[in-house]
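Below you'll find the structure, written out as structure tokens, and then a few comments.
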């Protein structure tokens, strides 16, 4: 049942529906905090928090396939199994892709937000989780470790964005760790890595749009995966870091405009 997860609907009652799928270790409130008001002015939003994020702290993230099934169940029950768009930020892009791959829910426009779409064997995933997991789960338990992780993220993400806006995001990201089940982040990280994504994904009436952050892909490895996993992806190149448009700065308006264009939203419709 989907009711172990939190779904929050907001925005225009008469607007096109856009599902927001957050990235690793993020709630939608943190992931989209900088742009949520602008998106709500344009669309009817379905904001998703996965199991293990917010709500009952005793509930842990299980696996990407199980959580994806709950998202599908909700959209089938509440939206008749059809939405205008779904934006998946980072790990959320895997969920957006799986919605199209599974075919239980029809998505007119699936946006892959700077997702790495990296996959590997369970053995490699266990090693990676063994390295990364304690750092992430440790940040959920210790304020000192949380602030250390936040500093690393800030150093990686700051590329000229508004420093105050970025710090607001990082503070929210830090606070969100405190409410998570201690195993949630490790399971999320592991399951995303081992969940298979098909090659050449396509569906009648669905367009797949990729936010391709050029500064995080100097060797073109991400671009290769996008072209491998999607039959005819609409590659949107932006000379920015990973999901940089969400943290304020010059790219926010440009990416919002690109999403609006693909979703068929004109400036006149926003009045």
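The values are calculated or read from the model by the stated rules, or taken from the named source; none is laboratory data. Just so it is clear, the model here is predicted, and its values are computed rather than measured. Glycine also receives a Cβ, built like all others from the backbone with ideal geometry; neighbour counts cover every protein chain displayed.
Has region 209-232 got any residue that is within 18 Å of residue 43 (Cα to Cα) and modelled with pLDDT of 95 or more? Talk me through it step by step, then tell me what you get.
Keep residues of region 209-232 that are within 18 Å of residue 43 (Cα to Cα), which gives 209.
Next, from what is left, pick out any that are modelled with pLDDT of 95 or more: 209.
Yes, there is a match, as at least one residue in region 209-232 is within 18 Å of residue 43 (Cα to Cα) and modelled with pLDDT of 95 or more.
Taking the stated definitions as given, is residue 54 surrounded by 17 or more Cβ atoms within 10 Å (Cβ to Cβ), more than 15 Å from the chain's Cα centre (by Cα) and without any contact (Cβ under 8 Å) to a residue 60 or more places away in the chain? Considered against the rule, which asks whether it is surrounded by 17 or more Cβ atoms within 10 Å (Cβ to Cβ), more than 15 Å from the chain's Cα centre (by Cα) and without any contact (Cβ under 8 Å) to a residue 60 or more places away in the chain, residue 54 comes out as no. If you go through region 50-72 and keep only what is in contact with a helix residue (DSSP H, G or I) (Cβ under 6 Å, 6 or more places away or on another chain) and under 26 Å from residue 118 (Cα atoms), you end up with 50, 51, 52, 60, 61, 63, 64, 68, 70. In region 182-265, counting only helices (runs of 4 or more DSSP H) that sit wholly within it, the ones holding 2 or more residues that are under 20 Å from residue 64 (Cα atoms) span 184-194, 221-229.
The helices (runs of 4 or more DSSP H) found wholly in region 1-110 and carrying at least 3 residues that are over 24 Å from residue 261 (Cα atoms) and modelled with pLDDT of 95 or more occupy 64-79.
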